[in-house]
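The values are calculated or read from the model by the stated rules, or taken from the named source; none is laboratory data. This one's a predicted model, so the numbers in the text were calculated from it and none came from an experiment. Glycine gets a Cβ as well: all are built from the backbone with ideal geometry, and neighbour counts include every protein chain shown.
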Amino acid sequence: MKVQEIREIIKLVDQSNISEFSFEQEGSKIKLKKTEVGTVVYPTAAPEVKAVEAPKAEPAPVAAPVEAPKAAPAPAAAPVAAVAQDTEGLHKITSPMVGTFYQSPSPDADPYVKAGDKVTGDSIVCIVEAMKLFNEIEAEVNGEIVEVLVKDGELVEYGQALFLVKPE
């Protein structure tokens with residue numbers, strides 16, 4: 001049977017109200033089965049599963065409840081709050097696309113900016129490469145770079161913070 005003939009059979013079955021079609025000719029078999037969109041079809045030959053009854057166990061003796069010592073507040077909560085307070089009032093320069101973050105125009109060049117550098121709204125702070133296109137990212141605000149949040153060559157997501165800037 002030719003591929004074109006099989007395609008025609010598929011089209012005919014698809015356009016009809018038939019939900020299942022089988023065809024056999026000279027040792028070749030074709031079986032088509034329509035499913036609804038979103039329906040998952042599993043193989044009909046499933047391994048046999050035998051139920052085994054677990055032996056009955058006697059209930060274990062119940063121990064008297066032991067009072068747990070009161071836990072101290074988590075020390076990790078304080079640094080998180082401190083970081084949140086430190087970023088208040090700072091402008092985040094975010095990635096406008098998914099891509100690879102580069103701090104400099106070439107591997108042997110100096111970075112565009114580093115912590116402590118002053119920037120203007122049109123200063124180029126990095127490059128995000130997406131699909132072999134190198135997109136220059138501007139600061140969009142006048143101020144001082146407080147922190148570079150991403151490492152050179154790291155994959156960044158859309159909207160991910162790249163730099164923290166203290167606006168002037």
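Scanning the stretch 108-153 for residues that are in a loop (DSSP other than H, G, I, E, B) and under 28 Å from the mean Cα position of the chain (by Cα) yields Met131, Lys132, Ala139, Glu140, Leu149, Val150, Lys151, Asp152, Gly153.
Of the candidates Thr94, Thr100, Thr120, the single residue that is out of contact with any strand residue (DSSP E or B) (no Cβ under 6 Å at 6 or more places or on another chain) and touching a residue at least 12 places away in the same chain (Cβ under 8 Å) is Thr120. Could we say that Glu24 is at pLDDT 80 or above, over 28 Å from the mean Cα position of the chain (by Cα) and either surrounded by 10 or more Cβ atoms within 10 Å (Cβ to Cβ) or not polar (S, T, N, Q) (or both) here? Taking the combined requirement at face value, the residue satisfies it.
Contact map, the stretch 1-19: first residue over 11 Å from Lys33 (Cα atoms), second residue hydrophobic (A, V, I, L, M, F, W, C), Cβ cut-off under 8 Å, separation 6 or more or different chains; pairs are Met1/Ile30; Ile6/Ile30; Ile9/Phe21; Ile9/Phe23; Ile9/Ile30; Ile9/Leu32. Just to be sure, is Lys118 more than 19 Å from Glu168 (Cβ to Cβ) and among the charged types (D, E, K, R)? No; evaluated as a whole, the condition is false for this residue.
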